[in-house]
Amino acid sequence: MYHFYALIARMKFISRWGLMRSTVPENVAEHSLMTAVLAHALAAIGRDILHKHIDPAACAERALFHDCAEIFTGDLPTPVKYWSEGLREAYREAEEHSASRLLELLPPQLRGTLSRAIDERDDECGRVVRAADKLAAHIKCLEEIRMGNSEFEQAARQTLEKLAAMKCEEADYFREHFLPSFSLTLDDLR
């Protein structure tokens, strides 16, 4: 019996934004889906508009699993995670251990495929997934602000600054052409 997918299904029980009051709570499964959609979008922009060699499906796949280690570690709030270099390093080691532990819960024949999906390599796909992850966090901030929750104003500024600092052409294109729509109401989007 293999427990990998049953544990992946538990991502819906891991809350995000633990230090913030949210009008609409968000869990890791919801965040991972949005990150995957955005990673696919960014990679498609990279491939089809910017003419880069990048695979949208591979980026979406990696984004789906980008936070799966949090099944064992929980979602450590960003201010805590980056409190010190030592804490950041310890958390990174815990995430790596968690990912390895998850892979052990698969049949050996599937471990290679899922290992590539869980991988956090610093390649083109990893770059796109990191940008999509930051973009998903920023969009969550915009949604909270639109609902009147000023608690997310500083986080919105910080995520936007970090996104701009990434110098990701795909994310810059998305910010210019798609991001404004996230501040609109359903009626405005029609």
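Calculated FRET efficiency, E85 to R175, Cβ-Cβ distance, R0 = 45 Å: about 0.90 to the nearest 0.05. The calculated pair-distance distribution of the stretch 74-147 uses every alpha carbon pair, bins of 5 angstrom beginning at 0, and gives 3, 13, 15, 19, 22, 14, 9, 4, 1, 0 percent.
Take every pair of alpha-carbon atoms less than 8 Å apart whose residues are at least six positions apart; their mean separation over the length of the stretch 105-190 yields a relative contact order of 28 percent. Counting 0.36 nm for each residue step from L189 to S150 and taking away their Cα separation leaves a gain of 11.7 nm.
Fewest Cβ neighbours within 10 Å first, please rank T78, T23, T35, T185 accordingly.
The fewest-first ordering by Cβ neighbours comes to T185, T23, T78, T35.
Potential lengthening of the chain between S115 and M166 amounts to 15.8 nm, from the contour at 0.36 nm per residue minus the alpha-carbon distance.
Given only helices, namely DSSP H runs of n ≥ 4 each adding -39500 (n - 2.57), what is the per-residue ellipticity at 222 nm of the chain, to the nearest 500 deg cm²/dmol?
-18500 deg cm²/dmol
Working from label points 7 Å from Cα in the Cα-to-Cβ sense, the F13 to S100 distance is 2.5 nm. For the stretch 68-137 and the stretch 1-34, write down the distance between their C-alpha centroids in whole Å. The stretch 68-137 and the stretch 1-34 have Cα centres spaced 14 Å from each other.
We did not get these values from a lab; they are worked out from the coordinates using the rules stated. Predicted model only: the values in this text are computed from it and were never measured. Cβ coordinates were reconstructed from backbone atoms using ideal geometry, including for glycine residues, and neighbour counts include every protein chain displayed.
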